[in-house]
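Some notes on the structure that comes next.
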Amino acid sequence: MTVAEAKARLIKVATDELGYLEKKSNANLDSKSANAGKANFTKYTRDLMKWLAGMGDMFRQGYAWCVIFVTWCYIVAFGKDAAKKLLRVWTSYSPELAREFYDRGRLKKDPVVGAIIFFADPAKASNNRWKGVYHVGIVESYGNKYVTAVEGNTGAGSDVIENGGCVRRKTYLRSNAKIFGYGVPDFSILDNEDAVSDEAVNVTLAAKEEDEVKIEDPQGFVKDLYVLLFDRQPDEGGLKTWTEFLTAHSSAELVRELAFSAERAPVTIEQMYQRHLGRIPTTEEVETWRSTGLPPHKVAEKIAKSQEAKAHGGDVAE
């Protein structure tokens, strides 16, 4: 995809979330308005806790979620691997994210569409660089005088509002003293690449059976699939089992077995639902798709062509 297409994709993901209200408990996390409260429970945190498992206490319900929202948008738009290259760090702490952009020379004074806008206490920020940063958003548009951002955990009103509990579009004067700067990811890494999502990578790997190619290194192929799908290496037993499976089956069949395994299926199908339907599947829906025997690319195709997808307006990531 081109840089322009990448930015448009990110903004579409962010603006689709406008109006979402944080929850008072774990109930109704996928509803924009139900169970609204002030306890910092969101679907964004829930998803990152699954997608980025192993990060310890970095992502937990109850935490302020403006950075969590930004991270979620990048992952939904581009997939985990590409999002990590763009953001360079997984964190829920806005000063840490600002420092990452500062340290690699990508904290800029002027806005860029898709960039992360950082807000800070002017006094603290001037003395400690990034340490006064307390809120973030995603730049949607800008002009000579104003900049507009989509922010998670903000509120109504013209001022910068952190911990406001809502996803909103906010517009500020570019001269606003609370704007610390803009973290500009290197979107060029996506130029002319199909950096869409982990689901799209799965679909590519699971290409049609007639496109099957010879696997020169079965063990290496299994290890690569584990890293892609589970973000870890297989244990000795798993490596042996799936390497033997690959000697008797196609690589597409192996991808289907792993992508729709009990460990991975909820994530694989959730990514498809997020991309095409803009929601999380139920447990029953996950099990229904697992039981079809279809490869991932066929499941994604059926979801994309469903009546619900048409009613939703098509591919949410486009």
Only one of these conditions is not met by VAL67: (1) out of contact with any helix residue (DSSP H, G or I) (no Cβ under 7 Å at 6 or more places or on another chain); (2) more than 18 Å from GLU270 (Cα to Cα). Which number is it?
-> (1)
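Quick grid of which residues meet (1) touching a Lys or Arg at 6+ places or on another chain (Cβ under 7 Å); (2) modelled with pLDDT under 85:
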| position | (1), (2) |
| --- | --- |
| SER175 | no, no |
| SER188 | no, no |
| ASP198 | yes, yes |
| VAL213 | no, yes |
Restricting segment 105-151 to residues that are surrounded by fewer than 24 Cβ atoms within 10 Å (Cβ to Cβ) and acidic (Asp, Glu), which is modelled with the lowest pLDDT?
-> ASP121
Have a look at LYS38, LYS50, LYS12 and point out the one that is in a loop (DSSP other than H, G, I, E, B), of a type in the set (D, E, K, R) and assigned by TED's automatic domain parsing to the domain that holds VAL167.
-> LYS38
Checklist (1) under 30 Å from ALA262 (Cβ atoms); (2) surrounded by fewer than 19 Cβ atoms within 10 Å (Cβ to Cβ); (3) hydrophobic (A, V, I, L, M, F, W, C) applied to PHE59, failing item = (2)
All-but-one check, ASP235 against (1) among the charged types (D, E, K, R); (2) crowded, with 19+ Cβ neighbours inside 10 Å; (3) over 26 Å from the mean Cα position of the chain (by Cα), failing number (2)
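The values are calculated or read from the model by the stated rules, or taken from the named source; none is laboratory data. In this text, all values refer to a predicted model and were calculated from it rather than measured experimentally. As a convention, Cβ positions derive from the backbone with ideal geometry for all residues, glycine included, and neighbour counts pool all protein chains shown.
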